Amino acid sequence: MLSVSVTHRLGDFILDAAFESEGGLTALFGRSGAGKTSLINAIAGLYRPDKGRIAVDGVVLTDTATGIFVPAHHRRVGYVFQEGRLFPHLNVRQNLVYGRWFAPKATGGGEFDQVVELLGIGHLLSRRPANLSGGEKQRVAIGRALLARPRLLVMDEPLASLDEGRRAEIFPYIERLRDEMRVPIVYVSHSIAEVARLATTLVVLSEGKVAAIGPTAQIMGRIDLFPLTGRAEAGAILATRVAAHDRHFGLTVLKAAAGELRVPRLDLPVGAALRVRIRARDVMIALQPPEGLSALNVLPGIVAEIGAGDGPIVQIRLDCAGEALVARLTRRSVETLGLVPGKQVHAVIKSIAFDHHAFAGATPGTASADAEIAEG
């Protein structure tokens with residue numbers, strides 16, 4: 001359990017934020033200047049807040065009411081920055097071993113081989129940082145933090161400096177870290193795609209305050225938060241499992257509470273769980289089950305909420321067997337279709353929705369998958 005409550009003035013900016021989470025990966029999401037980095041710096045003990053209390057698994061790190069303030073180097077909070085910040089004169093093995101100096105003596109400094117295997121950096125041990133890619137540097141930085149045996153890991157936009165290819169390279173390692181290491185993670189990002197893939201709990205920050213907190217799929221499905229999360233990237237997350245593979249057509253069948261989805265072949269075994277992110281702009285609405293369409297995915301649902309506002313675009317939240325799906329329509333379409341809360345509809349999900357950005361924990365099994373689904 002992580003419990004954070006911080007009030008602090010930084011010039012004209014006032015941070016007044018509180019949240020609790022239970023392990024996994026907690027993402028602090030918000031636009032630049034929302035207070036994300038200021039909040040994790042307080043958690044890491046990089047400054048003493050004007051008022052607040054911070055505790056991890058019952059261990060109080062800050063409590064201004066009782067005068068408790070554990071110095072940063074005694075907190076056992078691992079910090080991964082936007083840049084790896086590796087020692088350039090040391091090779092990868094030496095950079096990793098450096099982290100063990102900060103581990104509690106009783107733990108022996110962590111399991112070196114386990115961390116190396118988890119992060120896939122065994123072949124890099126003799127290299128210097130200058131000979132590493134950006135993604136490799138970040139994996140080494142994460143390994144160094146883990147070998148200090150932290151009670152909490154904070155990551156400040158660790159993928160921000162990487163191009164799309166390097167981000168895709170490092171995603172699976174952060175997912176393994178979240179699922180296998182049992183170290184709670186606080187992850188700062190302003191990318192909705194990142195938090196949709198990685199976060200178990202989502203904390204939305206705005207102007208120094210917590211605007212919303214909850215399970216990621218639940219928060220992503222709230223259309224009232226789109227002004228904060230970004231309308232262009234608005235969407236929802238469906239929890240699915242691999243039900244079957246269609247080898248003839250190169251497809252994978254995913255089973256969700258909302259129904260079945262057919263997507264480009266995924267390199268996952270039957271029964272594997274994964275998240276699918278469906279953007280609002282990729283969802284169309286039909287009043288009747290459509291016929292004669294190239295779209296493979298049609299899910300029945302009920303209109304649960306219609307967004308407020310008087311502009312030309314309207315956000316619609318659908319309830320599909322208990323799971324949220326979001327559609328982005330013109331106001332004219334809403335009126336023409338007679339959409340009101342409670343109306344039964346069918347969500348038609350465009351084929352192009354299922355590109356490599358849509359999946360958490362898997363990628364299409366063929367390089368031509370994007371081209372194939374674009375053709376319907």
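Within segment 65-86, residues that are over 19 Å from Tyr98 (Cβ atoms) sit with their Cβ atoms under 6 Å from residues that are assigned to a loop (DSSP other than H, G, I, E, B), at 6+ positions apart or across chains, in these pairs: Phe69/Arg48; Gln82/Glu157; Gln82/Ala160; Gln82/Ser161.
Of the residues in segment 15-22, at least one is in the same structural domain as Ala160 (by TED's automatic domain parsing), within 17 Å of Leu228 (Cβ to Cβ), of a type in the set (D, E, K, R) and modelled with pLDDT of 95 or more. Considering the conditions (1) touching a residue at least 12 places away in the same chain (Cβ under 8 Å); (2) in a helix (DSSP H, G or I); (3) not aliphatic (A, V, I, L, M), Thr26 is excluded by exactly one of them, (2).
The condition (being crowded, with 20+ Cβ neighbours inside 10 Å, in contact with a helix residue (DSSP H, G or I) (Cβ under 7 Å, 6 or more places away or on another chain) and within 21 Å of Gly322 (Cβ to Cβ)) is satisfied by just one residue among Leu198, Leu147, Leu238, Leu202: Leu202. If you take the residues of segment 101-117 that are among the aliphatic types (A, V, I, L, M) and under 19 Å from Arg76 (Cβ atoms), which of them is modelled with the lowest pLDDT? Per the criteria, the residue is Ala106. The listed residues are Gly271, Gly292, and the only one of them that is in a loop (DSSP other than H, G, I, E, B) and either under 26 Å from Glu194 (Cβ atoms) or touching a strand residue (DSSP E or B) at 6+ places or on another chain (Cβ under 9 Å) (or both) turns out to be Gly271. Here is the figure for segment 317-333: residues that are over 23 Å from the mean Cα position of the chain (by Cα) and surrounded by 20 or more Cβ atoms within 10 Å (Cβ to Cβ) total 1. Listed by position, the strands (runs of 3 or more DSSP E) inside segment 48-158 whose residues that are of a type in the set (Val, Ile, Thr) number at least 2 are 51-56, 59-63, 77-80. Within segment 202-209, is there a residue that is at pLDDT below 95, of a type in the set (D, E, K, R) and either assigned by TED's automatic domain parsing to the domain that holds Gly35 or touching an Asp or Glu at 6+ places or on another chain (Cβ under 9 Å) (or both)? Checking segment 202-209: at least one residue is at pLDDT below 95, of a type in the set (D, E, K, R) and either assigned by TED's automatic domain parsing to the domain that holds Gly35 or touching an Asp or Glu at 6+ places or on another chain (Cβ under 9 Å) (or both). Any chance you could count how many residues in segment 273-312 are surrounded by 15 or more Cβ atoms within 10 Å (Cβ to Cβ), in contact (Cβ under 8 Å) with a residue 40 or more places away in the chain and over 12 Å from His346 (Cα atoms)? Residues flagged as surrounded by 15 or more Cβ atoms within 10 Å (Cβ to Cβ), in contact (Cβ under 8 Å) with a residue 40 or more places away in the chain and over 12 Å from His346 (Cα atoms) within segment 273-312 amount to 13. Restricting attention to segment 332-345, does a residue exist that is touching an Asp or Glu at 6+ places or on another chain (Cβ under 8 Å) and either assigned to a strand (DSSP E or B) or under 21 Å from Lys255 (Cβ atoms) (or both)? No, that holds for no residue.
Conditions (1) crowded, with 20+ Cβ neighbours inside 10 Å; (2) on the phi < 0 side of the Ramachandran plot; (3) in a loop (DSSP other than H, G, I, E, B); (4) touching a His at 6+ places or on another chain (Cβ under 6 Å), marked per residue:
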{"site": "Arg9", "(1), (2), (3), (4)": "no, yes, no, no"}
{"site": "Leu15", "(1), (2), (3), (4)": "yes, yes, no, yes"}
{"site": "Ile40", "(1), (2), (3), (4)": "yes, yes, no, no"}
{"site": "Ile43", "(1), (2), (3), (4)": "yes, yes, no, no"}
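Considering segment 46-75, and only residues there that are surrounded by 20 or more Cβ atoms within 10 Å (Cβ to Cβ) and of a type outside the set (A, V, I, L, M), the residue that is farthest from Gly135 (Cα to Cα) turns out to be Gly52. Against the criterion of being touching a helix residue (DSSP H, G or I) at 6+ places or on another chain (Cβ under 8 Å) and assigned to a helix (DSSP H, G or I), Ile316 does not qualify.
Of all residues in segment 30-89, those satisfying the criterion of being closer than 28 Å to Ile219 by Cα and of a type in the set (S, T, N, Q) are Ser32, Thr37, Ser38, Asn41, Gln82.
Can you tell me which residues in segment 229-251 are touching a residue at least 40 places away in the same chain (Cβ under 8 Å) and under 16 Å from the mean Cα position of the chain (by Cα)? Within segment 229-251, Thr229, Glu233, Ala234, Gly235, Ala236, Ile237, Leu238, Ala239 qualify.
The values are calculated or read from the model by the stated rules, or taken from the named source; none is laboratory data. Since the structure is predicted, the reported quantities are computational estimates derived from the model, not experimental observations. Cβ coordinates were reconstructed from backbone atoms using ideal geometry, including for glycine residues, and neighbour counts include every protein chain displayed.
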